[in-house]
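Data block below; observations after.
The values are calculated or read from the model by the stated rules, or taken from the named source; none is laboratory data. If you're wondering where the values come from, they're calculated on a predicted model, not measured in any experiment. Every residue, glycine as well, gets a Cβ built from its backbone with ideal geometry; the counts of neighbours run over all protein chains shown. Surface accessibility is based on the protein's heavy atoms, side chains included, excluding ligands, DNA and RNA. Shrake-Rupley method; radii C 1.70, N 1.55, O 1.52, S 1.80 Å.
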Amino acid sequence: MTALTRFFFRHDVTCRTPASIIGWWEARRLPYNVAVGATGLVTLSVMHLLSRLPPAPLPMPLDFSLFGALVYGTMANLCYTSGWMAEIVIRRSGGGELEPVGPALFRYGFAFSIGLTLVPAALMVMWKAARVLDWIGLF
């Protein structure tokens, strides 16, 4: 089993108690935070760079960006915690056939978090492209 497989999946018999479920999730919190944080740095870098380019540069204040990143990181961690809470509730109500629900919640939540973190950069790229097209008279 590769490290990536161990990160996103788990063996069926490894998590049978709420404490072991929480342990499995919490062992992945730091890599999750690093991945989402690195994605956030890319997003902030793209937004700051594009906001300074013509036409009509509109610099973003750094303190606002840092405050937004702090709030976003806090909310992402609250949502992450709801992942193991949801797994415990689902497994209690559904029994053994719902054993793989936790890793599935983790994988989808991980992908959603990375995608959501990239949305502001994508919007900024589209906004800047529209501004450039308007500036050169094509829009």
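Carbon-plus-sulfur fraction of the accessible area of region 1-57, 1.4 Å probe, in percent? Working shown, then result.
Numbers: 2520 of 3390 Å².
Carbon with sulfur: 74 percent of the solvent-accessible area.
With θ set to phi - 60° and the Karplus curve 6.51 cos²θ - 1.76 cosθ + 1.60, what are the ³J(HN,Hα) couplings of region 111-124 in order, to the nearest whole Hz, using x for Gly and Pro?
Using θ = phi - 60°, the values come out as 4, 4, 4, 5, x, 5, 5, 7, 4, x, 5, 5, 5, 5 Hz.
Counting only heavy atoms of the protein chains, get the accessible area per residue of the chain (1.4 Å probe) and round it to a whole Å² value.
Working: 8740 Å² over 139 residues.
Per residue, the chain has an accessible area of 63 Å².
With every protein chain present, what accessible area does Thr2 have (1.4 Å probe, heavy atoms only), rounded to the nearest 10 Å²?
Accessible surface of Thr2 is approximately 80 Å².
Quick check: from the Cα gyration tensor, does region 20-67 come out rounded (a/c under 1.5), prolate or oblate?
Working: a/c = 6.60, a/b = 3.51, b/c = 1.88.
Prolate shape, in that a/c is at least 1.5 and a/b is the bigger ratio.
Leu30 accessible area, nearest 10 Å², 1.4 Å probe?
Probe radius 1.4 Å; accessible area of Leu30 about 130 Å².
Label-point separation (nm) for Met75 and Ile90, each offset 7 Å from Cα along Cα-to-Cβ?
2.3
Not counting ligands, DNA or RNA, and with a 1.4 Å probe, what is Phe64's accessible surface area in Å² rounded to the nearest 10?
Here the residue's solvent-accessible area equals roughly 140 Å².
So how many Å³ per residue does the convex hull of the Cα atoms of the chain work out to?
Values: hull volume 18.6 nm³, N = 139.
Convex hull of Cα atoms, per residue: 134 Å³.
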